[in-house]
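Heads up: the structure comes next, in C-alpha cells.
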Amino acid sequence: MDIRHPLLPVMRDGLDPHEDLVRLRRERPVAAFSMLGLREAWLVTRHDDVRTVLGDAGTFGNDLSLARDGAPVAGQWQPGGLGFHDSPVHTRRRRLLAPAFRAHVVRGMAPRIEDIVAAQLDRLARAGPPVDLVRALAEPVASGVMSALVGVPRACRRGRGTSRFELSGDLGTSVAAVGRSLDDVRRLVGRQRAGPRAGLLGRLLDEHGDQLDDQELAGLIDGLLTGGLDTTASMIATGCLVLLQDDRLAASVRGGAAPIDRVVDELLRYVCVAQLAFPRFARRDTSLKGQRIAAGDVVLCSLPTASRDPALGAAMDTVDPRRRTTPHLAFGFGVHRCLGAPLARLELRVVFSALLRRFPGLRLAVPAERVGFKRFSVIHGVESLPVTW
Ligand code: HEM
C-alpha cells in the first residue's frame, strides 16, 4: 500500500489510530515515506519494532546533526531541552532535572495538585453549565501544575501548543514558535538569576547557576513546559471524553471500584496523545524487519499504533482497567522516555477522581460525534469538550 497522505503519521480517526496506519502495522510495519520534505524517512508502527528503535540509542540517535544534511539545520535550529540531543549532553542535562521527578518528590506535590484541581472545580461550579472542559479545566490545571513545578507565571505559554505541534502549516511556523517561546523563557531565567528565585528554575540557579548559562537553562525549562503542558492538558480533556462515554467506567472511578492508577494507565495507552516519539536518526547502516535503513535516515515511531498493537493482548482497542498492565509506549521508551511521567500520572489520577466525584451528573453537552479533534497535530486530542451537569 502507498502512504497517500504526507502527514499520515499524525493523523487519527477520532480516538483510534488512522485506518491506514493500522494497515501499515499489519502489512508493512517498517514503511518508507516522505514527510515535510524529509526525503528518507521510515515509519515504524509495531510495538516490538518501536521498542527496538527507541531502546537502541547506539544505533538510533536523537541529535539533529545525525540526519543526512542535518548539520546545517542543527546549527540554525536549537530547540534546547533533551529530546534532540544524545549523550553526553543529554545525560548531563537529564541528570540536572531528574531529582525533581523522583517518586517521593512527585508524591510530595500531591497536596498542591489537589488544591489546584479543587480551586479549578470551584470555578467550574461557579461558572455553571455548559462549559468547555478544555479551557475550564484541562488547560488551567496543566499550566497551574507546571507553574508550581518550574516556578514561572502561568501565562508563560506563548509559542507553545498548537503552533508548535501543528504540522498542517509549514515547518517554519513550528520553528518560529520554538524561537518565540525560548525568548520568553530566557527573560524569566534572567529575572530569577537577578532576583527572587522559585521552583525548579530557582533550584537549578542555586545549585548549578555558575555552570549553566541563560541560553541552556532556557532550553531546559522550555523543554519541560513544552513536554508537560499540551500533553497533559490533552490527556485530561480527552480522557474525560472517554470516561463520559462509558458510564460503567465513570461509575467505577467515582465509587473507587476500579483502581484509579489502572484506569489512568489504560487511558494513557488508549488515548495516547503523543502520536510520535522524538525523531530518531540512524547512526550507521542497519536493518529493521528486513528493510535496509541507511546512516542518516529519519525513523519515526508511531506510539498509538504501537500501544494498541494486538501483539500486546486481546481487544487493545478498548479501555479495560482489569487487563494485566501492558508495556505500552504512551510515554516513549529508552533513555528519552518521558521524564515527567510520574507527575503526569499523579495529575490525571487527581483530576479524573475529583471531577467525577464533584459532578456526579456530568455529561457531554453535545452528541459525541460532534466533538472535534485536532487534525494534524503531534499531540492529539479534542479541540473542545462541551459538558453540562
Ligand atoms: C500525559 C502526559 C504526557 C505524555 C503523554 C508525555 C509523553 C512523552 C513522550 C512520548 C516523550 C518522548 C519519548 C521518546 O521519544 O522516547 C516525552 C518526553 C519528555 N517529556 Fe513527556 N509526556 C507527558 C507529560 C510530561 C510532563 C508533565 C513533563 C514535565 C513536567 C514532561 C517532560 C518530558 C521531557 C523533559 C521529555 C524529554 C525526555 C528526554 O528526552 O530525555 N512530559 N514525553
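Readers should treat all values here as calculations from the given coordinates under stated rules, not as data from a laboratory. These figures come from a predicted structure and were not determined experimentally. Heads up, the Cβs are rebuilt from the backbone with ideal geometry, glycines too, and the neighbour counts pull from every protein chain shown.
Couple of notes before you dig in:
- Largest GNM mean-square fluctuation among Leu15, Leu288, Leu137, using the chain with Cα springs under 10 Å: Leu288.
- The coefficient of translational diffusion for the stretch 306-389, derived via Stokes-Einstein from the alpha carbon Kirkwood radius under 10 °C and 1.306 mPa s, stands at 100 µm²/s.
- Simple point charges give the picture: +1 on the Cβ of Lys and Arg, -1 on the Cβ of Asp and Glu, and for the stretch 174-277 a dipole about the Cα centre of about 260 debye.
- For the chain, adding -39500 (n - 2.57) for each run of n ≥ 4 DSSP H residues and dividing by the number of residues yields -14500 deg cm²/dmol at 222 nm.
- From the C-alpha gyration tensor of the chain, square roots of 5λ in Å: 31, 28, 18
- Modelled this way, with points 7 Å down the Cα-to-C-beta line, the labels at Gln291 and Ala341 are 2.5 nm from one another.
- Peptides 346-354, 221-229, 52-60 ranked from most to least packed give 221-229, 346-354, 52-60, packing being the mean of other C-beta atoms within 10 angstrom over each peptide's residues.
- Cβ-placed point charges (K, R +1; D, E -1), dipole of the chain about Cα centre in debye, nearest 20: 660
- Summary of packing: across the peptides 294-303, 207-216, the per-residue average of other C-beta atoms within 10 Å ranks them, highest first, as 294-303, 207-216.
- Relative to the Cα centre, the charge distribution of the stretch 245-389, modelled as +1 at Lys and Arg Cβ and -1 at Asp and Glu Cβ, gives a dipole magnitude of about 220 debye.
- Taking the alpha carbon gyration tensor of the stretch 201-285, multiplying each eigenvalue by 5 and rooting it gives semi-axes of 36, 20, 11 Å, largest first.
- Highest average first, the peptides 358-368, 325-335 ordered by how many other beta carbon atoms sit within 10 Å of their residues are 325-335, 358-368.
- Positive end of the dipole of the stretch 270-388 (Cβ unit charges, origin at the Cα centre): among His336, Leu300, Pro360, the Cα lying farthest that way belongs to Pro360.
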